[in-house]
Every structure is written in structure tokens, then in C-alpha cells.
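The values are calculated or read from the model by the stated rules, or taken from the named source; none is laboratory data. All figures in this text were calculated on a predicted structure; none of them were measured in a lab. Note that each Cβ is placed from the backbone with ideal geometry, even for glycine, and that neighbours are counted across all protein chains shown.
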Amino acid sequence: MATPQTLLDPQFLKKLEALSLVSKRVFAGQTKGERRSLKRGSSVEFADFREYTLGDDLRYVDWKAYGRLEKLFLKLFVEEEDLSIHLLLDTSKSMDFGSPLTKADYARRVAAALGYIALSEYDRVLLASFNDTLGERLPPLRGKPGIFPFFQFLENKTPVGGGTRFGDALAQYAARAKNVGIAVVISDFFDPTHVQGLKALLSRRFQVVLLHVLDEEEVHPTLTGDLRLVDSETNEVREVSMSPHIIAQYEAQVQTFCSGLQALSNRYGMDYVRTSTGVPFEEVILKYLRNGGMLK
């Protein structure tokens, strides 16, 4: 059976328990948790008064106010609810590349850390993989009892071949989601339909976080000379001659691609974090996401 220690170091797990995910707005949850809700409930935090109407629970009548005003008022309290965290993991073949970890391994570790934080905080965690279709989805889990099934499911989320149809897969997920919340999309975003997929999540009012994972070799290639390159998803073959001039042009294109994702995120109010397999994934959690205000 997979355990948290399979993907994450025990010392790192202890650091994660001091963190929580930050929601930029209030979502309606399903059960009482540790988040402020738009609803009015019966927790200990007072919110407001309203006039009593027939059928209201008499336990919440303010009898002191009645003694002064001879009118019935009901006490309202802030209700605490759980937050839904949706982890959407790219398992297309292009993710099966990288060193010292593949992009897929790196992405799974980041997802493991975020899921562990959320479950430790009694948030609701949902996990789904996607490539050219929407893959298997993990039923909602909540609280620490969900940690072991979460890690066991995540252990099996490895690249299975095929390409990426970002738009169709995420549109399907958005249409089927019962509870919106924070959607964390972890991918290399090597598919032109990613805009369509992200817009589908935004149309359901998800708070969207893009975790852009690249390998250092994809950002700053070290290969030189005459090469025969094979696309891992389409098997398309291209022969190239990697001169310093060509490498400089390629690096400029990569930067343009990343800047485009950043601009897209800014335009639609999404959070964007770019990293590479050369950066310790612990640093993404403890530094990048905390500095970006997504964790506290």
C-alpha cells in the first residue's frame, strides 16, 4: 500500500502540517470545516441579527433584546465549511521526460504535498488525471483518514501514452464537478487547447492555479550538433542542427510561451507558478506557493 512517505520525505510532511491553502473567495462547502461560509449557521462566531419569522428555531432568539424592545430577533452566526481542492494532473506522454525527476514524478510530488496539506486541514480533496481524455477520478476525500487512499491513487497516476487534449478533458471535468473550489492544474501545457480548458474551469467559477512544470533541458537545451528528434506524443520526426544561434532562438520561443501563460493568468485572474525539475519540489511548496499567497 502506498503511504505518504512513498512520495514525500517524513521530515517534509511535518513542515506541511503547518500550512494551509488560501482561498481568495468564499465557496459554498458541503460539511462543517474550518472555512468561513456565505451561509449563516450555528457556530460560535456571531455575525448579525434578523427579525424572527414563524418557524425559526427559538434557541437562537435574543431574549435580552426582546426584554428591551419587546420584539423577537434571531442571532446569526458564521458557519464554517470545508473547501474543495481539485488537483488536475497531466499524464500525457510529454510528461514522461526530465531529470533528476521526470516531469510526471515531479508533478505527482507537488500534488501529493498539496493534497496532504488540504486533507490535514479537513478540506475536501478531489484528484483527476488527463491526457487525450479525462482519466480516472478519485472520489472526494476529507480529513486525515483520506490520506492513505489519496496517496495510493496518486502512486498509479503515471504517463500512459498518447497526446494531450487539454480543452476537451478539462471541459468535461468542469461540467461534471458538483462543488467548485480551487482547481490546481499541474502540466507542461504543451497543447494549444489549454486556453479552452482553463476557460471551462473559469466559467464554473473555479479559482484556478496553473503549476507549469518543465524540465531544465526543455528550457536550456544542452544537445548540440545534428539531431533526429521524435515527438513523444505524435511520433513526428524532425531533423535539426543545434547551433548556438538555433538554441538562442529556441530559448526565446520558450520564454515567449511561458510569458503567454503568465499573461493569460493575469488577464483572467488565475495564479501562475512556473518551475522546472531542476528546482527541488519542496521549494515550490515552501517558497514559490507561499510567496504567491496560495499557501500560508
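For the reader, a short list of remarks on this structure follows.
Here's the yes/no breakdown for (1) at pLDDT 90 or above; (2) closer than 20 Å to GLY98 by Cβ; (3) surrounded by 11 or more Cβ atoms within 10 Å (Cβ to Cβ):
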residue: ARG228; (1), (2), (3): yes, no, no
residue: ASP231; (1), (2), (3): no, yes, yes
residue: GLU251; (1), (2), (3): yes, yes, yes
residue: VAL254; (1), (2), (3): yes, yes, yes
residue: PHE257; (1), (2), (3): yes, yes, yes
residue: GLY260; (1), (2), (3): yes, no, yes
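- Helices (runs of 4 or more DSSP H) contained in the range 189-296 and holding at least 2 residues more than 25 Å from ALA128 (Cα to Cα) and outside the structural domain of GLY167 (by TED's automatic domain parsing): 216-219, 244-268
- Per-region count, the range 267-283, residues within 13 Å of the chain's Cα centre (by Cα) and under 26 Å from HIS220 (Cα atoms): 3
- Residues within the range 124-160 that are among the polar types (S, T, N, Q) and in a helix (DSSP H, G or I), tallied: 1
- For the criterion of being closer than 23 Å to ASP271 by Cβ, small (Gly, Ala, Ser) and in contact (Cβ under 8 Å) with a residue 40 or more places away in the chain, SER203 fails.
- Any hit, the range 115-123, residues being under 14 Å from the mean Cα position of the chain (by Cα), assigned by TED's automatic domain parsing to the domain that holds LEU286 and not in a helix (DSSP H, G or I): yes
- Whichever residue in the range 152-171 is over 13 Å from ALA104 (Cβ atoms) and of a type in the set (Gly, Ala, Ser) and, among such residues, is modelled with the lowest pLDDT: GLY162
- Matching entry among LYS178, LYS199 (being charged (D, E, K, R) and either modelled with pLDDT of 95 or more or surrounded by 15 or more Cβ atoms within 10 Å (Cβ to Cβ) (or both)): LYS199
- Residue within the range 229-247 that is among the polar types (S, T, N, Q) and on the phi > 0 side of the Ramachandran plot present: yes
- Residues (part of a helix (DSSP H, G or I), out of contact with any Gly (no Cβ under 7 Å at 6 or more places or on another chain) and among the small types (Gly, Ala, Ser)) located in the range 161-187: ALA174, ALA175
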